[in-house]
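For reference, the structure is listed below as structure tokens.
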Amino acid sequence: MADRLDLNLLLPAGMSRRAALRALGAAGLGAAGLGAAGGPALAQDRTLNYFTWSAWGEGPFVEDAKKKVNIDLKPTFYSSSDEMVAKLRGGGSKLYDMIVPVQNYIAPAAKAGLIEPLDPAALPNAKSLFPEFQAQPQWTVGGKLYGVPFVWGANAIAFNRKETGEVDSLDVLFDPKWKGKLAMRDEPEDSLGVGALKLGIKNPYQMGEKELQEVKKLLISQKPLLRAYWKNVADVQNMLASGEVVAAWTFLAVIAPLRKAGVDAGWVWPKEGAIGWSEAITPVKGTQKLKLVQEYANFTLSPEYGEFMARTTRYAPSSKAAVDRLDPAMVKDLGIDPKNVSRLTFKEIPADKSRWNEIWNEVKAA
């Protein structure tokens, strides 16, 4: 067949060709799926092929979905939003039923025809969310809803309190005192955003060329202080655990494992601001299981899921009812107070993303 899918080009890291063929079969695209698997058998199929960040498809979440809503999640993981989009553009939409995008990727994904809208009436649990997350504008495109966030938070600073003491500012990431013991994320929207916040630029994702050059100069001056630019969160977590790094711009996900390993790990949204994000379940264009995706999306907005998610990952649920179930000490530790949302600069895709990529490559090559 001239238009046959080349699965090897679409496979996410860690997914075998056999697993991909199983996924195609579950979606009704395999040879068997077009024949004997039709009719009532499909109606009873409660399997969802789930393209997601690793946090939301790990064992505990698969088991929780099976136990509480009888949905069998088949997760495949991506490590960046750009990878997610590239795989969907390459034909991955035929492999997956749903994804977990960050808010700034909704508009381009919708315009590219990669995702399906949701029926708001199918998400009654949205009523239990903090008002700030019930109608975030970045999740609506052309009047259609593509997600209601079940989780939100910030990329900010993790630090080894024993080494640095208390931290409250981005200054720690630019302090020569910690030369060779700092780390930044190898991602332009994060790291250029950090530079903009450090310089007091109010709208980081709307920077013009002059401001981009100022940020570039700042980040080049920072480069000799760094141990690494990290791509995989496990790498920066290991560097913090070993003492190679004492402060890093990273994800909240590193904190619980570090504390479990005996590191006095601190986490702070610096006074200059932090980079905000929210994530939701979004149907992939063409899924044959839209109703089941909406059922799972509604489940992720429930108090039960929000509480489980917070205790499992230490991320902040969007559900006020879920937060009400958590200990006050945990709520304080996680910073789960929607009043803090005003301190965040939520990620956007820059108007000239290619220019941001060029600037970032110039920083790394300097």
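Under 11 Å from a label point set 7 Å out along the Cα-to-Cβ vector of Ala256, the amide N atoms of region 313-330 belong to 313-316. Is region 202-282 rounded, prolate or oblate when judged by the Cα gyration tensor, a ≥ b ≥ c being the square roots of its eigenvalues, rounded requiring a/c under 1.5 and prolate requiring a/b larger than b/c? The shape class here is oblate. The Cα atoms of region 272-366 give a gyration tensor whose axes a ≥ b ≥ c have a/c of 1.5 or more with a/b no greater than b/c, which makes the shape oblate. Both numbers refer to the Cα atoms of region 242-312; Rg and Dmax are 17.4, 49 Å. Considering only Gly200, Gly92, Gly276, the Gaussian network model of the chain with Cα springs below 10 Å gives its largest mean-square fluctuation to Gly200.
Quick check: from the Cα gyration tensor, does region 208-366 come out rounded (a/c under 1.5), prolate or oblate? Oblate. Dividing the mean sequence gap of close Cα pairs (under 8 Å, 6+ apart) by how many residues region 181-320 holds gives a relative contact order of 24 percent.
Across the chain, Cα pairs under 8 Å and at least six residues apart give a relative contact order of 23 percent. DSSP assigns beta bridges within the chain; of those with both partners inside it, close to 60 percent run antiparallel.
Please report, as a whole percent, how much of the solvent-accessible surface of region 163-286 comes from carbon and sulfur atoms (probe radius 1.4 Å).
Working: 2520 of 5110 Å².
Answer for region 163-286: carbon and sulfur cover 49 percent of the accessible area.
Fully extending the segment from Ala351 to Ala121, taken as 0.36 nm per residue of separation minus the present Cα-Cα distance, adds 79.5 nm.
Spatially, region 258-275 and region 179-216 are offset by 20 Å when compared through their Cα centroids. With R₀ set to 22 Å, the beta-carbon distance separating Ile220 from Ser79 gives a calculated FRET efficiency near 0.25. Full extension of the chain between Lys66 and Asp168 yields a length gain of 32.6 nm, computed as 0.36 nm times the residue separation minus the alpha carbon distance. Derived from the Cα gyration tensor, the three semi-axes of the equivalent ellipsoid of region 60-186 are 34, 19, 18 Å, largest first. In the context of the full set of protein chains, the chain has a per residue accessible area of 45 Å² (1.4 Å probe).
Peptides 316-322, 186-192 ranked from most to least packed by the mean count of surrounding Cβ atoms within 10 Å: 316-322, 186-192.
The values are calculated or read from the model by the stated rules, or taken from the named source; none is laboratory data. Because the structure is a prediction, the values reported are computed rather than measured. Glycine gets a Cβ as well: all are built from the backbone with ideal geometry, and neighbour counts include every protein chain shown. When the accessible area is computed, the model is the full protein with side chains, heavy atoms only, and any ligands, DNA or RNA have been set aside. Shrake-Rupley method; radii C 1.70, N 1.55, O 1.52, S 1.80 Å.
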